[in-house]
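The values are calculated or read from the model by the stated rules, or taken from the named source; none is laboratory data. No experiment lies behind these values; they were computed from the predicted model shown. In this analysis, Cβ positions are derived from the backbone assuming ideal geometry, glycine residues included, and neighbour counts consider all displayed protein chains. Heavy atoms of the whole protein, side chains included, go into the accessibility calculation; ligands, DNA and RNA do not. Shrake-Rupley method; radii C 1.70, N 1.55, O 1.52, S 1.80 Å.
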Amino acid sequence: MKKDETENKENRLLNTAFKLFTEKGIKNTSIQDIVDNAEVGKGTFYLYFKDKYEIRDILIEKKSQKLFHDALNALRKTNIKDLTDQVIFIIDYIIDELKKKPLLLSFISKNLSWGIYTKTVQKLYDNQDIEEDSIFSLFQKGIKDNNIQLKNPEVTLFMIIELVSSTCFSSISYEQPLPIDEYKEYLFDTIRKLINN
């Protein structure tokens, strides 16, 4: 099988699964639904994925990575130099994207950090070409350039992303503890304290 054809089938499966998961829910979507809609055989599904939960996890990872990637691209178009302001810009961008895309918010749920902290993504950080294009490397560089003293920068970034992921889901979806636009002020204050302790 040619590489393009292989990638095409895998992408069709991923795109179809995402569409079905967001429309019908993961519980109500079967592997048969995915392969029928992607117009591939069931055996093809198992060439790429163990089960529908693995394809869900890969999709969450990919969708989260794309949010971070798009936020970094938007940041590059600004003149923001301060690390804390850069992180807040990225978080604000992601929150606004999730507000506009409730199906994506619901799908990613509270797993935004998978876009940075998964075994697959960690492998990418070993690749020098990709390392410069991540929030992880931006954060590490900002800590070093600004001589910010953090006990463990990786843990601090993880805490920030987890805080955003869990609280923003509740704030956007249920307006708890506050509607997201009111909540941002408290969230950003906490992020500033985590970075500038």
Revision key, fill the gap. Per residue, accessible area of the chain with a 1.4 Å probe, heavy atoms of protein chains only, in Å², comes to 58 Å²
Study note, to complete from the structure: Surpassing 24 Å at the alpha-carbon level, of the pairs Lys63/Lys110; Lys9/Lys110; Lys101/Lys141, are Lys9/Lys110; Lys101/Lys141
Check your understanding: Hey, can you rank 175-186, 103-114 by average C-beta count inside 10 Å, highest first?
Key -> 103-114, 175-186
Practice item. Once you have the Cα-Cα distance between Ser109 and Tyr46, take 0.36 nm times their residue separation minus that, and quote the gain in nm to one decimal. Key: 20.1 nm
Review point. DSSP H helices in the chain with Cα extent of 18 Å or more along the helix axis and mean Kyte-Doolittle hydropathy at least 0.5?
Key: 83-100, 153-174
Point to revise | Calculated SAXS-style log₁₀ I(q)/I(0) at q = 0.10, 0.16, 0.17 Å⁻¹ - the chain, Debye, Cα scatterers | key: -0.48, -1.06, -1.15
Check your understanding: What lysines could a cross-link reach from Lys144, if we take a straight Cα to Cα line under 26 Å and drop same-chain neighbours fewer than 8 places away?
Key -> Lys66, Lys77, Lys81, Lys119, Lys123, Lys193
Practice item. Could you sort 29-36, 190-197 so that the peptide with the highest average Cβ count within 10 Å comes first and the rest follow in order? Key: 29-36, 190-197
